[in-house]
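What follows is one structure encoded as structure tokens, with my remarks underneath.
Just so it is clear, none of the values below were taken in a lab; they were calculated from the coordinates. In this text, all values refer to a predicted model and were calculated from it rather than measured experimentally. Heads up, the Cβs are rebuilt from the backbone with ideal geometry, glycines too, and the neighbour counts pull from every protein chain shown.
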Amino acid sequence: MDLLQVEHICKTYGGGEAAVHALKDVSFSVPRGEFVAVVGESGSGKSTLLNMIGALDTPTSGRVYIGGEDTFAMKEKALTVFRRRNIGFIFQAFHLIPELSVEQNMIFPLLLDRQRPNTRYLEELLAVLGLEKRRNHLPSQLSGGQQQRVAIGRALITRPSLVLADEPTGNLDSQNSSEVLALLKKTARQYEQTVIMITHNPGIAHTADRVLQVSDGVLTDLGGCRE
Amino acid sequence: MKSYLSLIPISAKVRRRQNRMTLLCIIFAVFLVSAIFSMADMAVRMEQSRLAKKHGQAFTLQAIMDTSMGQSLFLIAGALFLLILIAGVLMISGSINSTVAQRTKFFGMMRCIGMSRQQLARFVRLEALNWCKTAIPIGIILGTVSSWTLCAILRFVVQEEFTAIPLFGVSAIGVVSGIVMGIVTVLIAAWMPARQAAKVSPIAAVSGNTGSTDRTQRAVRTGALPIELSLGTHHAVSAKKNLVLMTGSFALSIILFLTFSVLLDWVGYLLPQSASDADITIYGESGMNCVSPQIAKAIRAIDGVENVFGRRSVFEVPAELGQEGLPQTVDLISFDDFDLNALKKDDVLKKGSDLSKVYGDNSYVLAICDPDAPLHKGDIIWVNGEALNVAGLLKYDLFSGDGFSHGKVSVITSDETFLRLTGIGDYSLVMVQGDLTDESAAAISDLLDEGLLFRDQRGQRTFGTYIAFVLCVYSFLAIIAMVTVLNIMNSISMSVSARGKQYGAMRAVGMDGRQVTQMIAAEAVTYALAGGVIGCTGGLAIGKILFNILIRDHFAYAVWTIPVFRLLIVVLFVASATFAAIHAPAKRIRDMAVTDTINEL
């Protein structure tokens, strides 16, 4: 069974003549464990699509199923809980909490859920992300690449089935970009997670299992690139 | 655009919503000062016309200022000016601080494209002064209109000595002090933020470092509290300047409240208001019990008379008090039911007194004695071979000028008990209360036999002045409270706006609406607790000092006690201010689209 099913999603901003159709009847599905890249011009609707999948925004019409659950049928509170347990987010601007240390930032979604972190898993993540020696540092004491690794750690701490990354390397230099990307792929494989990642970088897109292109709100499946 | 400064009104238009609270703060400060000085001016004009009428010559302002009334009026107005200035600076600098902190990137960009440090500082100062353009006129108009309203209340509702107060006077002093207050507050308040803005490095525009993250030195302690509460508390404690401003404004208004309340006590001692204050008093020339109850009965039938009550008295009755050092005689005074009720209303009974036992024919009495030779509740006083049980004590001597009994012991009995003990039926004093016209007073006077004296005290009641003073103090306190609530709401709202992006990210990674509210509440409660503790401690200390200077030194029987009721009001006020401050920003963050905040760089 597919982990993610997107069915006839439309998103329109405004009305009448000024209406902007950000997404036009978008449908696709992604099986568990697949690494998908979403490409497209600026303003094509990529981020809107990702926000819909992550239930951060509501579509004008259509449905999204994650693990068979209709996310838009859920009440706000249930949706928040569902999101923090099942979806990991990675943003271009990292969005770490400046007052929390590396370790605290990583376990933040668990703390919100009143759960204790699994120490072994946390140590493993810190090791995989190369942050063991930085665990007590504040975000302001880290480089951009390190901050993005913390954000990846935060996205993975709840062992979500789906990881959504909006240009995770957009703020990084090429060295850091390839490191972060390699990490993301490694962890996704290691923890059997589905990753949907927006990128502008064709080189990065080519390493994905499948590439989806969004152009003027219309989605085209470009298929696998690696083969 | 003629100059870079032309950007100021454009920016003001764009940031209208964010600037609304700052504008309100300036309007309040200007309004308060112009209302206070306008009122002081009107009072002086009233005094001028009163003196002119009395002495038949015009009095200059200087002449009024030389009187103690004029001096104290302007001294009070000056002290209030200073207090409002401090409160205004605290509030407005908080607002300007936040707007500057939120626009670090903008200032960095300005520096990038060539604005000098001085130009940036001038920009921030002029931007603040630009608010005065609208805030000062509004504040002055509000101040003048409210001084008219207050004058009308004094003239038509309170009346008494205020019937000569001018109604629609525009006070030049009020207008000028309002303008000065507006400009001075804003300039002082903008001074620090302007320097801060000038310090912004051009790199802030390109790096996106807004400074707030760099200042974080230590990670939040988690574990003891849920994460959202730890974060909220940390938000309050980590920004030291904001903590001082917020705690300061909470504490200042509590201190003002507790201090001003002492002024109310002071007026209570200066102009004691008793439920048994008489408009007309009738007594015998000889000072003996010689007013017959029939006269009292006849007075009751006269138009306008509301209450008639009498007292009987016998002085230096031999008595046994059972304690060494106490006198061997007592003064016996009878109070009828109305008079006894008045004791309770006036709150002159010491704690533990049981007034209910005294009514009717029995052996219970109330006693007045010196604090150094005290009687206690339950003590027995033997009079005419009869044991009188002390059911309660009075806080001070009602019958002496200074509140001390000077070694005498007075015993208050009910009418019935007095009659049984002494057999005396006539009154030594009959008092009349009511809305009495000259005709009614004359009718009462006509009833009196020879040997009885009539004292007309209708014009001497100080109720009007007392009420006017209480009204002024309470309205000032209400305004201070309102300004504090507004300021706290504004500051919390600003603090939340400044962290909008962070809160958006927290919501994206799973913080629910309740947790957002709790995080903001934890921040507000931290300010409230710190401000409450400092305010109550400071307010009680200052209040006690003021009590000693104003009251204790002049009314030695006065005892300072912890004002529990007022502290309860403070707690209620702090709790409701905190609730009001949390509600709107928490709702804003809950309703905010997560995508709006996380997608912007």
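For B:GLY360, what is the net charge nearby, where nearby means another residue's Cβ is under 13 Å from its Cβ and Lys, Arg count +1, Asp, Glu -1? Net local charge, B:GLY360 excluded: -3. Its Cα centre serving as origin, the protein assembly as shown has a Cβ charge dipole (Lys and Arg +1, Asp and Glu -1) of approximately 5020 debye. Only Cα sites of region B:280-460 enter the Debye sum here, all with the same form factor; the resulting log10 I(q)/I(0) across q = 0.09, 0.14 1/Å is -0.33, -0.78, listed in q order. Residues whose amide H lies under 5 Å from that of B:LEU393, counting only those 5 or more places away or on a different chain, are B:LYS350, B:SER353, B:ALA367; hydrogens are built 1.01 Å from N in the peptide plane.
In this structure the amide hydrogen of B:THR329, modeled in the peptide plane, comes within under 5 Å of the amide hydrogens of B:ALA319, none closer than 5 places in sequence on its chain.
Net length available on complete extension from A:GLU124 to A:CYS10 is 37.0 nm, with 0.36 nm assigned per residue and the Cα-Cα distance removed. About its Cα centre, region A:48-180 has a charge dipole of approximately 480 debye under the convention of +1 per Lys or Arg Cβ and -1 per Asp or Glu Cβ, with nothing else charged. Cross-link partners of A:LYS24 among aspartates and glutamates, defined as those whose alpha carbon lies under 13 angstrom from its own and excluding same-chain residues fewer than eight positions apart: A:GLU7, A:ASP216. What do you get for the angle between helix A:102-112 and the principal long axis of chain A? Use alpha-carbon atoms, 0 to 90 degrees, nearest ten. It works out to around 60 degrees. Averaging the sequence gap over all C-alpha pairs within less than 8 Å and six or more residues apart, then dividing by the number of residues, gives chain B a relative contact order of 18 percent. Summary value for region B:280-460: 38 percent relative contact order, contacts being C-alpha pairs under 8 angstrom separated by 6+ residues.
Helix A:76-86 and the longest principal axis of the Cα set of chain A meet at an angle near 60°.
When the Kirkwood radius is taken over all Cα pairs of chain B, what Stokes-Einstein diffusion coefficient follows at 37 °C and 0.692 mPa s, in µm²/s? My calculation gives 113 µm²/s for D. The packing ranking, built from the mean of other Cβ atoms within 10 Å per residue, places the peptides A:139-150, B:480-491 in the order B:480-491, A:139-150, highest first.
Shape analysis of region A:1-97 places it in the rounded category; the axes a ≥ b ≥ c from the Cα gyration tensor give an a/c below 1.5. Axis of helix B:463-498 versus longest Cα principal axis of chain B: the two differ by about 20°, to the nearest ten degrees. Counting Lys and Arg as +1 and Asp and Glu as -1, what is the net charge of the other residues whose Cβ lies under 11 Å from the Cβ of A:TYR65? That works out to -3.
The relative contact order of chain A, computed from alpha carbon pairs under 8 Å that lie at least 6 residues apart in sequence, is 29 percent. With the convex hull of its Cα atoms as the shape, the protein assembly as shown has an orientation-averaged projected area of 49.8 nm². Which whole number gives the average, over all residues in A:45-55, of C-beta atoms from other chains lying within 10 Å of the residue C-beta? Mean partner shielding for this stretch: 2. May I ask which of B:LYS105/B:LYS241; A:LYS11/B:LYS13; A:LYS185/B:LYS587 have a Cα-Cα span longer than 30 Å here? Beyond 30 Å between Cα atoms: A:LYS11/B:LYS13; A:LYS185/B:LYS587. Between A:LEU122, A:LEU50, A:LEU162, the GNM of chain A built on Cα springs shorter than 10 angstrom shows A:LEU122 fluctuating the most.
Each peptide among B:128-136, B:273-281, B:341-349 gets the average number of other Cβ atoms lying within 10 Å of its residues, and from highest to lowest they stand as B:128-136, B:273-281, B:341-349.
The Stokes-Einstein estimate for region B:101-177, based on a Kirkwood radius over Cα pairs and taken at 20 °C with 1.002 mPa s viscosity, is a diffusion coefficient of 133 µm²/s.
Averaging over all projection directions, the Cα-based convex hull of region B:238-325 occupies 14.3 nm² in the image plane.
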